[in-house]
Each structure stands twice: as structure tokens, then as C-alpha cells.
């Protein structure tokens, strides 16, 4: 029996005041709402060339914008996510040093670490937290022209290359955590294929030498200060499948889960369409959603 393709309604967004608040020189704003109803905002300040953060309470009150990191030119295209404890984390590029950095808000303020400093890295990062509250990031590394993934193994950050993408135009990737607790990343390879890379088995939490700790991963600061931990490989084994064999131009994919099924949004430049791909059993089903105008950049998929 043939299944009818889904239908979509497209609505333009009317002009709005920027969240009823004013943030001067804000670029690349990232917004996330936590389970308590607090709205979190991270952005790059184009005048001061630093990373800033603000929040809006569930009652509607905005905090003042505060500086997260001002050590050089930092914060372009930040990725904002909320950890399992309701605290914000931000992955971002340090343009002055061509590094990837990570900031995590704790009771004592922002804890900042350099995640990857090998070559020119950290472009267009994305961020997610697994069920053990480990931060995982995917990002483009101009050195090697590849999409990389990185997480913390209990002792140090462990980056791995997932595949070559070629030019900066294909720097976009997207990371998400499945309901089973495994990570997945989508990106466009150098020859144009849109691929989906998924961890094949969930990795447990870090362990102390001599025993197992609970499901919650330790704070980054505490982990970096101790050597009483047994390192694990947080990335583990993974497999890669092709979603669309060849796409002209930059696909700019975004990834989310609808239950246990991964869903991707992307640009089909040749057809001038915004499209969706959904895994149905063992097959990827693609659907055109709406026409797009030339020069449109970035897709963002959210499933409620």
C-alpha cells in the first residue's frame, strides 16, 4: 500500500521586536528554553568581538547581558544547549587562535576550556548532551577539511574525524542524541552526498579506578583536576549511511528525532527546495517542503 506524502503549510513570520529586549551588536543569536521555562540566549558581540549570554525568566524578566569569554576574538556562530541539570553550555570558535572552546555555567560562574587546538578547527560547532551529561560537539576543521566530533573521556577531550567535506561552504553539521542515548551527526561529504553517522552502542559514564560511578558525569572542572578516573572512549563505534547520494551546493542540514526516528532538514539547491528526509525502517524517504530563494542560508529543525 502506498503512503501519501506529508503536506506542509508555510507561513511567513511577521516583523517582531527582538524578544522585547535590546542586545546591541548581537550576531548569531542562539536561543534555548529549559524545562523550567527559562529562555537562554548566547550571541557574538560584533563590536567587542566576544561571547555574551543573557536569560529571560519564566516570569518574563530579562537579565543583563554578561560576558562569557573575552580572551581574544571569540564566540562566532555559538552553539547553545541545556545540560541534564538545566544548566547552559556553549560551544564556540576562538578565531584568534583557530580553536574550539566550550563554556559551561556552574554555581561559581562560567567554566571555560579549550576543547580542540590541533590546527585550524572549531568552525560552525553544534552541541548536545548525552544521557550521562557528557557534552558532545560536531564542527568543521579547515585543517583536514573535515567534520569532527569531540567529547570528554573522563581525563581529556577526544576529537575524531567523521569525514571529509572539502570546502567551507559545506562546514555545516548537526548533532543530536537519540532516545536510546546514542549520538548521531549529519553532514554533507566533499562529493555532495548527505550522510547520517550514528553511534552503534551507547557508551557508559566515566569510572573511577576501582569502581563504577553513577550515571551522571562529573563536572568538567572536577574531572580536569583529578586523575582518579578511568578514561573511556565517549565516541565509541559508529556507522555511516548515505541519505541523499549527491546534492549540488551546500545542504546546511539540521537533525532531530521524532521518537526513535531521525529526521533531517536540508537544502536541495538544484531543485531550489527546502527538504526533509526521514528514516522509515531501513529506507530514507525524502520530501520537498517548500521552495527557497537563492542565497538562503541555514536550516533549523525542531520537533515538538
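Brief remarks on what is shown
- Residues that are over 24 Å from residue 177 (Cβ atoms) and surrounded by fewer than 17 Cβ atoms within 10 Å (Cβ to Cβ) are absent from the stretch 81-89.
- Scanning the stretch 106-131 for residues that are out of contact with any strand residue (DSSP E or B) (no Cβ under 6 Å at 6 or more places or on another chain) and not in a strand (DSSP E or B) yields 107, 108, 118, 119, 120, 131.
- Residues that are surrounded by 15 or more Cβ atoms within 10 Å (Cβ to Cβ) and free of Cβ contacts under 8 Å to residues at least 60 places away in the same chain, drawn from the stretch 153-171: 157, 159, 165, 171
- Exclusive hit being farther than 23 Å from residue 201 by Cα, part of a loop (DSSP other than H, G, I, E, B) and at pLDDT 95 or above, set 91, 103, 71: 71
- Top-ranked residue of the stretch 47-62 - restricted to ones that are at pLDDT 95 or above and in a loop (DSSP other than H, G, I, E, B), ranked as surrounded by the most Cβ atoms within 10 Å (Cβ to Cβ): 49
- Residue in the stretch 199-215 that is over 24 Å from residue 114 (Cβ atoms), modelled with pLDDT of 85 or more and surrounded by 15 or more Cβ atoms within 10 Å (Cβ to Cβ) present: yes
- Residue 97 passes every criterion in (1) over 15 Å from the mean Cα position of the chain (by Cα); (2) surrounded by 20 or more Cβ atoms within 10 Å (Cβ to Cβ) apart from (2).
- Scanning the stretch 225-243 for residues that are modelled with pLDDT of 85 or more and either surrounded by 20 or more Cβ atoms within 10 Å (Cβ to Cβ) or in a loop (DSSP other than H, G, I, E, B) (or both) gives 235, 236, 237, 243.
- Cβ-Cβ under 6 Å pairs, at least 6 apart or on other chains, the stretch 63-76 side on the phi < 0 side of the Ramachandran plot, far side loosely packed, with under 15 Cβ neighbours inside 10 Å and assigned to a loop (DSSP other than H, G, I, E, B): 73/96
The values are calculated or read from the model by the stated rules, or taken from the named source; none is laboratory data. As the structure is a computational prediction, the values presented were derived from the model and not from experiment. Note that we place each Cβ from the backbone using ideal geometry, even for glycine, and neighbour counts take in every protein chain shown.
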